[in-house]
Each structure stands twice: as structure tokens, then as C-alpha cells.
């Protein structure tokens, strides 16, 4: 079967589309004939070796972390174990507990796009921060794959949503009350906020801590450390584990089917054009989700 493999860390040049034997499913696993798989930041970060301290290297390795595919005639979507081969291949093995049936009304590409990105928006906002009506929520990177879903989820939960982006019209269509152009505006001027979702990391972490209300929470998706002395009294920092479960995926899929969440698949590529897909994913100022359509 064709699979996108790496034999070491590096740039796009280390990715090879190779023929490899199809995997087999073990106990508590499911083998999917992959229909679609999204390209997430974790994919190119793993390829670069940026996550080697979290996921120790093992080569060769098939890239890709989420997908939708067929098993016993049913369409299923979910997330692969990051310690094993991934989903950018004709077949993929996923933990059964990290999958959910795809309901009627969602196609394969849309379902794949909602797995890691949807979980990365849902868990911080609905579960960790427990966003409530009337809260002021700041989402960094609102036009991206996670941010575009996070704006909608926060809005559906009753929050007033602010976001940093250069794509104001797009973010406002998703439900942002105000879009802050970080090139010419300081997001601190729009504060204070009850919740900040930081999809970016770096110095944005520390700056975001200064705009929280007492009792506020910064939910950070980046693994970058935050010095304890930088955390003001009365606020907290959360770095949630984005764990796929059948219940969580089912809730996200239900929101999409019922129109509460509008998935944003903006680019689709065939597996043979995977280098173009990764180039688009790694480019700055991306919009929505990039999906590989495999079979």
C-alpha cells in the first residue's frame, strides 16, 4: 500500500511516498481503509523533530494522526496513537476507543477534518475552561484549522468572541465579535478576558497572561513551557491532553450535522500531491483545514 514515510527528521525532503505492507489490527484496535486524512501542525512538527522529547523517534514512520475510513462497510473517523504509524496511507490502525461512527450528513473529508482540530477546540473551551454565556473569550489564530472551529464553539457556548487574525471577514463570518489584526493592533487593548485559547505559543503565552481577569484561564495548546513567575496571581494556566474518545468525537460530529458547527475544509489534495499539502499546511496565515483524499 502507499504510505507517506520518513526515515529521519528534517524538512519536506525527508518525506517519501513508499509502498509498504498493509498493517494489521491488534486487540482493541480497528483497521481502516482510509478515505481521507487531515494535515495537522502535529504532523509537520513530528517530521521536523520538534516533538521528539514527547514522542521518542522510531523510524521509518508513517505520518498523519487522524482520518476517516471504512471498516466492515461502515464509515468511521478517529485519531491514531502518536507512538505508532499514522494515517497518511491507504490503510491505518487506530485505537478503537479513539474512533466514532461518522453520521449521515458528513462526508469522509469533513469527518477527518473534525478529529484533531475539533478536539483541540472542544476540550479547551467546553471542558477545561467551561465557557459560559457572557464570558469574554480571546482565541489566537482564529482563521486556522483549530481557531476556525474554536470561534464557532465559543460563540455557541454563549461567549463574546475576540480573535487575532489578518483575515477579518472570514473570522467574523464564523462568529467573532471582533477581529484584532496583530500586525497593527495590540490584543491587550481589547481585554480583559475570562478565557484565552492560545494556539500559537512563544511570546504570545506570556503576553496572554496579562490580559486575563482575576479567575481567568489561559488554555495553551503549545508544549512550550511558561515560567511560573510569569503567571499572575488569581489566574491559571491549563495545557490539556487532547485525547480522542467516542463520546467527544460523537458530540463534535453531532454539532456539525445539526449546523451548530460549520467545518472549514478549504483545501483538498490527493495522496500523490502530499508535498503540496504539507507546504500549504506549513505556510503562514493559513485558513481552515487541509485534507488528503486517499481512496
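Here 260, 207, 236 are screened, and the one residue that is closer than 14 Å to residue 138 by Cα and surrounded by fewer than 20 Cβ atoms within 10 Å (Cβ to Cβ) is 207.
Within region 101-116, is there a residue that is assigned to a strand (DSSP E or B) and either in contact with a helix residue (DSSP H, G or I) (Cβ under 9 Å, 6 or more places away or on another chain) or touching a residue at least 60 places away in the same chain (Cβ under 8 Å) (or both)? Yes, region 101-116 contains a residue that is assigned to a strand (DSSP E or B) and either in contact with a helix residue (DSSP H, G or I) (Cβ under 9 Å, 6 or more places away or on another chain) or touching a residue at least 60 places away in the same chain (Cβ under 8 Å) (or both).
For region 155-179, a residue qualifies if it is in contact (Cβ under 8 Å) with a residue 40 or more places away in the chain and either under 23 Å from residue 128 (Cβ atoms) or assigned by TED's automatic domain parsing to the domain that holds residue 263 (or both), and the qualifying residues are 156, 174.
When region 206-219 is filtered for residues that are part of a helix (DSSP H, G or I), under 21 Å from residue 176 (Cβ atoms) and touching a strand residue (DSSP E or B) at 6+ places or on another chain (Cβ under 7 Å), only 208 remains.
For (1) in the same structural domain as residue 93 (by TED's automatic domain parsing); (2) over 24 Å from the mean Cα position of the chain (by Cα); (3) over 23 Å from residue 71 (Cα atoms); (4) not in a helix (DSSP H, G or I), each residue gets a yes or a no:
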| site | (1), (2), (3), (4) |
| --- | --- |
| 23 | yes, yes, no, yes |
| 34 | yes, no, no, yes |
| 37 | yes, no, no, yes |
| 42 | yes, no, yes, no |
| 47 | yes, no, yes, no |
| 53 | yes, no, yes, yes |
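Tell me the residue from 197, 221, 249, 212 that is within 21 Å of residue 126 (Cα to Cα), in the same structural domain as residue 266 (by TED's automatic domain parsing) and buried (at least 16 other Cβ atoms within 10 Å of the Cβ), please. The unique qualifying residue is 249.
Residue-by-condition table, conditions (1) touching a helix residue (DSSP H, G or I) at 6+ places or on another chain (Cβ under 7 Å); (2) crowded, with 16+ Cβ neighbours inside 10 Å:
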site: 2; (1), (2): yes, yes
site: 17; (1), (2): yes, no
site: 31; (1), (2): no, yes
site: 38; (1), (2): yes, yes
site: 56; (1), (2): no, no
site: 59; (1), (2): no, no
site: 64; (1), (2): yes, yes
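Checked against (1) part of a strand (DSSP E or B); (2) in the same structural domain as residue 67 (by TED's automatic domain parsing); (3) without any contact (Cβ under 8 Å) to a residue 60 or more places away in the chain, residue 268 meets all criteria but (3). Whether a residue is without any contact (Cβ under 8 Å) to a residue 12 or more places away in the chain, over 16 Å from residue 136 (Cα atoms) and surrounded by fewer than 24 Cβ atoms within 10 Å (Cβ to Cβ) was assessed, and residue 184 passes this test. Looking only at region 223-250, which residues are touching a residue at least 24 places away in the same chain (Cβ under 8 Å) and touching a helix residue (DSSP H, G or I) at 6+ places or on another chain (Cβ under 7 Å)? Across region 223-250, the qualifying residues are 230, 235, 238, 240, 242, 244, 245, 246, 248. The residue that is nearest to residue 235 (Cα to Cα), among those in region 179-205 that are out of contact with any strand residue (DSSP E or B) (no Cβ under 9 Å at 6 or more places or on another chain) and in a helix (DSSP H, G or I), is 188. Within the option set 176, 121, 159, being crowded, with 24+ Cβ neighbours inside 10 Å, over 29 Å from residue 268 (Cβ atoms) and touching a strand residue (DSSP E or B) at 6+ places or on another chain (Cβ under 9 Å) holds for one residue only, 159.
Yes/no matrix, rows are residues, columns are (1) assigned to a strand (DSSP E or B); (2) out of contact with any strand residue (DSSP E or B) (no Cβ under 8 Å at 6 or more places or on another chain):
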residue: 252; (1), (2): no, yes
residue: 259; (1), (2): no, yes
residue: 274; (1), (2): no, no
residue: 291; (1), (2): yes, no
residue: 295; (1), (2): no, no
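In region 126-134, the condition of being at pLDDT 95 or above, buried (at least 24 other Cβ atoms within 10 Å of the Cβ) and within 30 Å of residue 236 (Cα to Cα) is met by at least one residue.
The values are calculated or read from the model by the stated rules, or taken from the named source; none is laboratory data. Note that the coordinates shown come from a computational prediction; the quantities given were computed from them, not determined experimentally. Glycine gets a Cβ as well: all are built from the backbone with ideal geometry, and neighbour counts include every protein chain shown.
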